[in-house]
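Single-structure report; data block below.
The values are calculated or read from the model by the stated rules, or taken from the named source; none is laboratory data. Just so it is clear, the model here is predicted, and its values are computed rather than measured. Cβ atoms come from the backbone with ideal geometry, glycine included; neighbour counts cover every protein chain shown.
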């Protein structure tokens, strides 16, 4: 016997009822973002490796340690499974000149890949839903997409998500802050862990995001970027906050909030929770005005966010916000294979009327007695059993049995002509 193959560690199969929840969540997300005039975009899962090296930065954890990169055996091209969605959307916008006729509001969803240690809410293949507003410069759009995320939480019934915001200023301001950080951490090099020492001269801003509890006091006393922001950056941040305030959006200013990618500037934000353990960030984003130029396009302002689908589903589950698993409305009980043609036609007409109908499979291995079929009908979760017995078929009728009848209004069981099934469902 051949060896049984399993999925790659950290890359998970999704089956019902979880897959029902995924479909429901994607539908809810799309409904909200489309109310804000965002339109869908789909980009390839595989991109040139250079896109992420240039876009994310050579010294980011993603590029250094987490990307799934390989060489195309046909032409030797360096390729990478996408680790995030923004760089691919911007690459497509540049390639197809999407912003030529004006700014674009876009959303995407799909799998991303990072080679890291799998744990709750953190997988090697994970899924994101994201929005990108391309060609918009003002803080009003920054605030608008944050408010849109708040509308998502309301639509889903989620509670307790905390919004944290910060400003990363502009590259020149970050350069001043960077030099101040290098001086500060160099003076306290004996308190830095190996990861911080490695980042000291390449990406000192990332030291502020350390999870090492022994470094928290040191990080808390480090120079703050806000002290280096110029008048324009501060005005952008104040306008961003004012719009959030006007819409009743509560937030906390977190001066240590940074992003893992090099392309962010000005407004950054995260929605966090304490209900998911170490993986507390559910949605994160910000402004990235320099990314277009960084990967070869014309200067184009942009802002966006992405949320982790797995983490969001975990949070929805913990707060009992997920709907019941999908179940058929009706279960068709079939006496034998010879009756299947009539029953299949009746089920199809009922489906065309909008009902979800599961037809019992006949054949020697699946036929089963009427009693066993009733058990399967009940186990399916269907409300109605449609009984196409020999007597009913002879009269061209069907018996409708309410499997969830509780003694209240209505009838537990009745018969009607097969041709009237669609009308019966429409009246329900």
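So for the range 291-313 (the condition being touching a residue at least 24 places away in the same chain (Cβ under 8 Å), part of a loop (DSSP other than H, G, I, E, B) and closer than 30 Å to residue 158 by Cα), does at least one residue qualify? Within the range 291-313 (the criterion being touching a residue at least 24 places away in the same chain (Cβ under 8 Å), part of a loop (DSSP other than H, G, I, E, B) and closer than 30 Å to residue 158 by Cα), the answer is no, since none of the residues qualifies.
Looking across the range 233-251, the residues that are in a helix (DSSP H, G or I) and touching a residue at least 12 places away in the same chain (Cβ under 8 Å) come down to 233, 234, 236, 237, 239, 240, 241, 243, 244. Scanning the range 17-28 turns up no residue that is free of Cβ contacts under 8 Å to residues at least 60 places away in the same chain and in contact with a strand residue (DSSP E or B) (Cβ under 8 Å, 6 or more places away or on another chain). The single condition among (1) touching a helix residue (DSSP H, G or I) at 6+ places or on another chain (Cβ under 9 Å); (2) more than 19 Å from residue 178 (Cβ to Cβ); (3) part of a strand (DSSP E or B) that residue 284 does not meet is (1).
Residues that are more than 20 Å from residue 41 (Cβ to Cβ) and assigned to a strand (DSSP E or B): does the range 122-141 have at least one?
As a first pass, look at the range 122-141 and keep what is more than 20 Å from residue 41 (Cβ to Cβ): 122-125, 137-140.
When the remaining residues are screened for being assigned to a strand (DSSP E or B), the result is 122, 125.
Scanning the range 122-141, I find at least one residue that is more than 20 Å from residue 41 (Cβ to Cβ) and assigned to a strand (DSSP E or B), so the answer is yes.
Please go through the range 44-60 and pick out each residue that is crowded, with 17+ Cβ neighbours inside 10 Å and either closer than 26 Å to residue 157 by Cα or in contact (Cβ under 8 Å) with a residue 60 or more places away in the chain (or both). Scanning the range 44-60 gives 51, 54, 55, 56, 57, 60. Being more than 24 Å from residue 67 (Cβ to Cβ) and either within 15 Å of the chain's Cα centre (by Cα) or without any contact (Cβ under 8 Å) to a residue 40 or more places away in the chain (or both): is that true of residue 182 here? Taking the combined requirement at face value, the residue satisfies it.
Answer with yes or no whether residue 374 is crowded, with 20+ Cβ neighbours inside 10 Å and in contact (Cβ under 8 Å) with a residue 24 or more places away in the chain. Lay out the reasoning, then the answer.
Values: crowded, with 20+ Cβ neighbours inside 10 Å: no; in contact (Cβ under 8 Å) with a residue 24 or more places away in the chain: yes.
Spelling it out, it is not the case that residue 374 is crowded, with 20+ Cβ neighbours inside 10 Å and in contact (Cβ under 8 Å) with a residue 24 or more places away in the chain.
Residue under question is residue 90, and the condition is that it be surrounded by 19 or more Cβ atoms within 10 Å (Cβ to Cβ) and more than 29 Å from residue 8 (Cα to Cα); does it hold? Give the steps one after another, and end with the answer.
Numbers: surrounded by 19 or more Cβ atoms within 10 Å (Cβ to Cβ): yes; more than 29 Å from residue 8 (Cα to Cα): yes.
So residue 90 fits the description; yes.
Looking only at residues in the range 387-419 that are in contact (Cβ under 8 Å) with a residue 24 or more places away in the chain and assigned to a loop (DSSP other than H, G, I, E, B), the one that is farthest from residue 369 (Cα to Cα) is 403.
Looking at the range 253-266, is at least one residue free of Cβ contacts under 8 Å to residues at least 24 places away in the same chain, surrounded by fewer than 20 Cβ atoms within 10 Å (Cβ to Cβ) and not in a loop (DSSP other than H, G, I, E, B)? Even if it seems obvious, please write down each step before you answer.
Going residue by residue through the range 253-266, those that are free of Cβ contacts under 8 Å to residues at least 24 places away in the same chain are none.
No, that holds for no residue.
Taking the criterion of being in a loop (DSSP other than H, G, I, E, B), within 28 Å of residue 307 (Cβ to Cβ), in contact with a helix residue (DSSP H, G or I) (Cβ under 7 Å, 6 or more places away or on another chain) and free of Cβ contacts under 8 Å to residues at least 24 places away in the same chain, would at least one residue in the range 196-213 satisfy it? Looking for residues that are in a loop (DSSP other than H, G, I, E, B), within 28 Å of residue 307 (Cβ to Cβ), in contact with a helix residue (DSSP H, G or I) (Cβ under 7 Å, 6 or more places away or on another chain) and free of Cβ contacts under 8 Å to residues at least 24 places away in the same chain, one finds at least one in the range 196-213, hence yes.
Can you pull out the helices (runs of 4 or more DSSP H) entirely within the range 1-109 that have at least 3 residues that are over 18 Å from residue 296 (Cα atoms), in contact with a helix residue (DSSP H, G or I) (Cβ under 7 Å, 6 or more places away or on another chain) and at pLDDT 95 or above?
Details: elements: 18-35, 49-56, 86-96.
Correct list: 18-35.
Does the range 241-252 contain at least one residue that is out of contact with any helix residue (DSSP H, G or I) (no Cβ under 6 Å at 6 or more places or on another chain) and surrounded by 21 or more Cβ atoms within 10 Å (Cβ to Cβ)? Looking for residues that are out of contact with any helix residue (DSSP H, G or I) (no Cβ under 6 Å at 6 or more places or on another chain) and surrounded by 21 or more Cβ atoms within 10 Å (Cβ to Cβ), one finds none in the range 241-252, hence no.
Just the residues that are under 33 Å from the mean Cα position of the chain (by Cα), part of a helix (DSSP H, G or I) and over 25 Å from residue 63 (Cα atoms), please, taken from the range 215-226. Before you say what the answer is, go through the steps one by one.
Kept after step one, since they are under 33 Å from the mean Cα position of the chain (by Cα), are these residues of the range 215-226: 215-216, 219-220, 224-226.
Now restrict to residues that are part of a helix (DSSP H, G or I): 215-216, 219-220, 225-226.
Residues satisfying the conditions are 216, 220, 226.
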